[in-house]
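The values are calculated or read from the model by the stated rules, or taken from the named source; none is laboratory data. Worth saying up front: this structure is predicted, and the values here are computed from it rather than measured. Positions of Cβ are generated from backbone atoms using ideal geometry, with glycine treated the same way; all protein chains shown enter the neighbour counts. Note: areas computed on protein heavy atoms with side chains; ligands, DNA, RNA excluded. Shrake-Rupley method; radii C 1.70, N 1.55, O 1.52, S 1.80 Å.
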Amino acid sequence: MTSNALYTDLSGYYDLMCADIDYLQQSHTVHRLQQLFGNNGRQHLDLACGTGPHVAHFIDFGYQSGGLDINQPMLDLAQTRCPDADFSLQDMCSFSTETPPDLITCFLYSIHYSAQLERLSQCIASAHAALNAQGLFCFNAVDKHKIDNNSFVSHSAQHGSSLFKFASNWHYKGSGNAQALMLSIDKTDNGITQSWQDSHSMVAVSFSQLQQLLEPYFDVHIFEHDYDKLVPWQGTAGNALFACVKK
């Protein structure tokens, strides 16, 4: 077995790494939230869009959809997937748009990539400034006080002759506003396994902190992290879905 630091560009493995994610159900749930709480407009922007799987579904729903990301190889794959969509290389904490969106999304806990509270505040302010009147900002988040450092998720995927195993977990030291997303990839081919490890710096917030950051800009609705049905957050789960209506 060989072990290396995980390379910065994950674009080649991104779709395999996320193969167990139900992008359609996630997108449909947020589409329902837009119908219930938003302005019913059809201009959509996906922050940290990756290779564009959510954008593809919103286009199918009838939206004028696009995305932004800081990784150009990801955006190149997104443009191939959605040739009619508009994608831009931008930081989600300080972005601008030519056409105001009615709906801004940030899936897969990517809001935490803002890394620092100050940058998270900038992301929220940028989303508010970009949105049309009564536009909707939807994202999912994790509460730092609910993190179990020993809990992780993993799945395997076959690609050609290679078997990949992906694993990830949150790690929070118990104080402060920083946490880490730990990632690992094992690739086994003909009995030989290569392993890559990486740690991404993420912002750590409690849900009460997050609400305080959001409330000057948005009316905030919090739901259980369940894309099969919309249930108000019961106050105990450590992850949740936020639907924020521009004030």
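Of note:
- Kirkwood hydrodynamic radius of region 82-121, from inverse mean 1/r over distinct Cα pairs, in Å: 12.0
- Note on Glu215/Arg81: beta-carbon distance plugged into 1/(1 + (r/R0)^6) with R0 of 51 Å gives a FRET efficiency of 0.90.
- For the chain, projected area of the alpha-carbon convex hull averaged over all directions, nm²: 13.1
- Within region 184-224, backbone nitrogen closer than 15 Å to the virtual label 7 Å beyond the Cα of Gln116 toward Cβ: 201-204
- The chain, dipole about Cα centre (Lys/Arg Cβ +1, Asp/Glu Cβ -1), debye to the nearest 20: 460
- In the elastic network of the chain, a GNM with C-alpha springs shorter than 10 Å, the most mobile of Asn39, Asn132, Asn190 is Asn190.
- By the rule of a C-alpha distance below 28 Å, with chain neighbours fewer than 8 residues away ignored, the lysines paired with Lys144 are Lys165, Lys173, Lys229, Lys246, Lys247.
- Residue-span extension gain [Asp22 to Ser156] - 0.36 nm each, minus C-alpha spacing: 46.7 nm
- Listed residues Gly191, Gly67, Gly38, most fluctuating in the chain (Gaussian network, C-alpha, under 10 Å): Gly191
- Antiparallel bridge percentage (DSSP; both residues within the chain; nearest 5): 65
- The mean accessible area for residues of the chain, using a 1.4 Å probe and ignoring ligands and nucleic acids, is 47 Å² per residue.
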